[in-house]
Each structure stands twice: as structure tokens, then as C-alpha cells.
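Heads up, the thing below is written out as C-alpha cells.
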Amino acid sequence: MVRVVFSFLLKFTLYFLLISVVWVIVLKFVPVWITPHMIGRKIEASSAGEKTKLYKDWESYDNISKEAALAVVASEDQQFPTHWGFDFDEIQDAMTEKRKRTRGASTISQQTAKNVFLWHGRSYIRKALEVYFTLLIELFWGKERILEVYLNVAETGPMTFGVEAAAQRFYGKSAKNLTRSEAARIAAVLPNPIRFSIKNPSSYVLGRTSKISRQMRALGGQKYLAGL
């Protein structure tokens, strides 16, 4: 019996590794049109009797304003160009910081892995898989592709995913033409795009927008991402 169970687990692991690697390699070259998180939002909306239309529009990295790319890096993960998927200094700070609720320390790579391959939620299994897929996309995709996918799948508003959809829906323009302030406001709502609004920003969002704009200047502007 032990031998049978061991054989099954070994085969399952090998198949999982093979399929996951092939999956990651394929998505290096093709647009990510749908993610588990998008499907989850549609199910939630349907269950609540709300509209289930998803606002999303894939655009290549070249067709997205580099101000938008810089804004999410400045806001979410300033060490993105140099780390290998994990910011251990931020993780340590988050673990030792005395708060009632521990703040997150996920990098853009981790968030991309979670959004594209996994479900949202808190469990050790999901976190372990997030680490695994983060390592895979760092290895096979590279920084520019990771950032391109993140800019297209990150939730930016109710049923809205990606900066192109946010730009079209809330600014009436393409993401390629976003200004620094507009890009910073999109980045400002990323921690909670359901609670925070791009179209009707609260004083908190406006404050975060100004802070992110200052951080973008402090990083040196668009040239900060030139070497991706």
C-alpha cells in the first residue's frame, strides 16, 4: 500500500512539474486573456445578481505608457528591476512590524504569479505554489514580460483588469497616452481596487497619488526601467 501511494505521489508530482513548466513557457509568448481571479470575480458578481461583464483589453508593453509601468513599480515594488522575485528586506520588515494586521510584502512578480496561476486566499498551500510559480516566471519570462503581464491582469477597479481597461473606462484614453498623474492614480488604488476609486478618488487616494508621483521622480523617471 505504501509503495502504491508513493508511486502515485511521484507520478503526480512529475506530471505537475511538467505541465506547470510548459504552461509558464506558453504564457511567455501569448496574451493572458483570462485568469482565475477574473473568473472568481465573475462568479461573485453572478451570485450577487450583479453585471458580470469584465473590462479588460490586452496591450503589449510597447503600447503602454512607461509612466504606468513606473507608477506600479514605484508604488508596489521599487526593487523589482534587481530582485529575483522576492524582496527579503520587505518580508522581514513586514514580519517584525508591530501591527494588529501584518502588512503585505508581495513583489510584482509574486502578485503576477498569484493572479495568473492561482486563486486568491490565505493558505500555506497557495503560498507555497505562489513561491514556485514566482521562481518559474522569473526564470522563464524575465522582468519585462512579468511587468507586461502584471499591467494587463492587475485588478484596477470593479470588474476591471489591466491599465488599458482602466485608462479607457476611467480616463477615456489609451494606456499609451497616460500622464504621470493619471498613471499614479491607477497605481494608488491597486491595494484595494474595489474600495478605492480612480474615477471618484477619495482624499486618501489623492494623497497616495501625490506620494507615488514623488517616488517616480525620485527613482529617476522612466529611465529607471530602461534596463529590464
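The values are calculated or read from the model by the stated rules, or taken from the named source; none is laboratory data. A quick note: this is a predicted structure, and the numbers were derived from the prediction, not measured. In this analysis, Cβ positions are derived from the backbone assuming ideal geometry, glycine residues included, and neighbour counts consider all displayed protein chains.
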Margin query: I need a count of the residues in region 102-128 that are assigned to a helix (DSSP H, G or I), touching an Asp or Glu at 6+ places or on another chain (Cβ under 7 Å) and either charged (D, E, K, R) or modelled with pLDDT under 90 (or both).
Written below: 1
Item checked: One residue from ALA226, ALA218, ALA183, ALA154 being out of contact with any strand residue (DSSP E or B) (no Cβ under 8 Å at 6 or more places or on another chain), of a type in the set (A, V, I, L, M) and either surrounded by 23 or more Cβ atoms within 10 Å (Cβ to Cβ) or over 15 Å from GLU67 (Cα atoms) (or both) -> ALA183
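Given the criterion closer than 20 Å to ILE108 by Cα, in contact with a helix residue (DSSP H, G or I) (Cβ under 9 Å, 6 or more places away or on another chain), at pLDDT 95 or above and crowded, with 24+ Cβ neighbours inside 10 Å, identify the matching residue among ALA175, ALA165. Explain how you work it out, then say what you get.
On the way: ALA165 fails: crowded, with 24+ Cβ neighbours inside 10 Å.
When all the criteria are applied, what remains is ALA175.
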Check: Would you pick out the residues in region 51-67 that are surrounded by 12 or more Cβ atoms within 10 Å (Cβ to Cβ) and either without any contact (Cβ under 8 Å) to a residue 40 or more places away in the chain or under 16 Å from ARG41 (Cα atoms) (or both)?
Finding: THR52, LEU54, TYR55, LYS56
Note to self: Take the residues in region 9-32 that are of a type in the set (A, V, I, L, M), part of a helix (DSSP H, G or I) and without any contact (Cβ under 8 Å) to a residue 60 or more places away in the chain; name whichever of them is surrounded by the most Cβ atoms within 10 Å (Cβ to Cβ).
What the structure shows: LEU17
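Would you point out which residue out of TYR171, TYR150, TYR204 is within 26 Å of TYR55 (Cα to Cα), touching a Ser or Thr at 6+ places or on another chain (Cβ under 6 Å) and among the hydroxyl-bearing types (Ser, Thr, Tyr)? Spell out the reasoning first.
Details: TYR171 fails: touching a Ser or Thr at 6+ places or on another chain (Cβ under 6 Å); TYR204 fails: touching a Ser or Thr at 6+ places or on another chain (Cβ under 6 Å).
From the options TYR171, TYR150, TYR204, the qualifying one is TYR150.
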Notebook entry, point to check: ALA74 passes all but one of (1) under 30 Å from GLY220 (Cα atoms); (2) in a loop (DSSP other than H, G, I, E, B); (3) modelled with pLDDT of 95 or more; which number fails?
Noted result: (2)
